[in-house]
1. List the residues, sorted by chain then number, that are 5 or more residues from residue 119 or on another chain and whose placed amide H is less than 5 Å from its amide H.
2. Highest mean first, what order results for 148-159, 111-122, 96-107 on Cβ atoms within 10 Å?
3. I'd like the Karplus ³J(HN,Hα) series for the range 119-136: coefficients 6.51, -1.76, 1.60, θ = phi - 60°, whole numbers in Hz, and an x wherever there's a Gly or Pro.
4. Using heavy-atom solvent-accessible surface (probe 1.4 Å) with all chains present, what is the largest-first order of 173, 80, 160?
5. Where both partners of a DSSP beta bridge lie in the range 85-175, what percent of those bridges are antiparallel, to the nearest 5?
6. Could you work out how much longer the chain between residue 87 and residue 120 gets when fully extended? Use 0.36 nm per residue separation minus the Cα distance between them, nm to one decimal.
7. Each residue of the range 165-177 in turn: what ³J(HN,Hα) in whole Hz from Karplus with 6.51, -1.76, 1.60 and θ = phi - 60°, glycine and Pro shown as x?
8. Which whole-Hz ³J(HN,Hα) couplings does the range 51-58 yield from phi under the Karplus relation 6.51 cos²θ - 1.76 cosθ + 1.60, θ = phi - 60°, glycine and proline marked x?
Amino acid sequence: MHRLRLFSTVLLALILLATAGCSLAPESGDKLTTLVVYYSSDDDGISELAREAARTAKCQMFEIQPEKEYGGLLNKLNSSEELSMEELEDLYSTDFKLKQPVPDNWSEYDRIILGCPIWLDGAATPVKLFLDENNLDDKTFYPFTIGTLDEADTLTTQLSLDNWRTGFAKAESFEKGASPETVAQWVDTLNSEH
């Protein structure tokens with residue numbers, strides 16, 4: 001009996017030592033700091049970049065999901081396929097809704113890495129809606145996209161509403177299929193700034 005109690009005590013001590021400093025959830029009042037938020041349609045490559053950014057930043061991800069998916073319509077449009085009247089109405093609808101407009105624990109994050117594809121020479125509508133539906137105070141946004149430097153500049157302008165919204169850094173542009181190392185280097189520069 002004495003050996004069992006001694007063994008149990010030693011085992012408990014080892015478990016406590018092994019888990020010291022580890023926490024699965026933030027302490028009350030701690031900032032979660034970084035969240036990767038992204039919208040990706042079909043095979044645009046944004047989700048892969050978002051995963052690599054989250055892995056490098058060691059943070060959670062939140063996918064912006066519209067109630068209805070519109071990426072297929074954009075692919076048809078970009079490949080010069082003809083759209084039906086119903087598809088055009090859907091594409092230009094102002095009745096966008098998101099499945100979950102506000103991420104869990106949104107108020108706890110202060111740095112948002114924001115992945116956004118370019119739609120018809122501008123920021124994807126679901127991302128704009130996400131920003132409209134959330135409190136952006138006390139947050140710094142680091143947008144990224146796949147495209148040219150000019151498209152990234154346009155994205156920065158649109159997301160910040162011509163600098164009316166504060167807290168937006170200049171968007172980063174990546175080539176489609178950018179290497180994980182390239183994304184990691186960018187995130188590491190954000191880590192050194194923060």
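1. 124
2. On the way: 148-159: 17.1, 111-122: 22.1, 96-107: 13.8.
Per-residue mean Cβ counts within 10 Å order the peptides as 111-122, 148-159, 96-107.
3. Running phi through 6.51 cos²θ - 1.76 cosθ + 1.60 with θ = phi - 60° gives 10, 6, 6, x, 5, 4, 3, x, 5, 4, 5, 4, 5, 5, 8, 10, 7, 9 Hz.
4. Values: 173 25, 80 105, 160 0 Å².
Largest accessible area first, the residues go 80, 173, 160.
5. On the way: 2 of 11 bridges.
Approximately 20 percent, going by the DSSP bridge assignments.
6. Numbers: separation 33, 0.36 × 33 = 11.88 nm, distance 1.50 nm.
Contour length minus the Cα-Cα distance gives 10.4 nm.
7. 7, 8, x, 9, 7, 5, 5, 9, 10, 10, 7, 4, x
8. 4, 5, 4, 5, 5, 5, 7, 6
The values are calculated or read from the model by the stated rules, or taken from the named source; none is laboratory data. These numbers come from a predicted model, not from an experiment. A quick note on method: Cβ atoms are made from the backbone with ideal geometry, for glycine too, and the neighbour counts reach across all protein chains shown. Side chains are part of the model used for accessible areas, which takes the heavy atoms of the whole protein and leaves out ligands, DNA and RNA. Shrake-Rupley method; radii C 1.70, N 1.55, O 1.52, S 1.80 Å.
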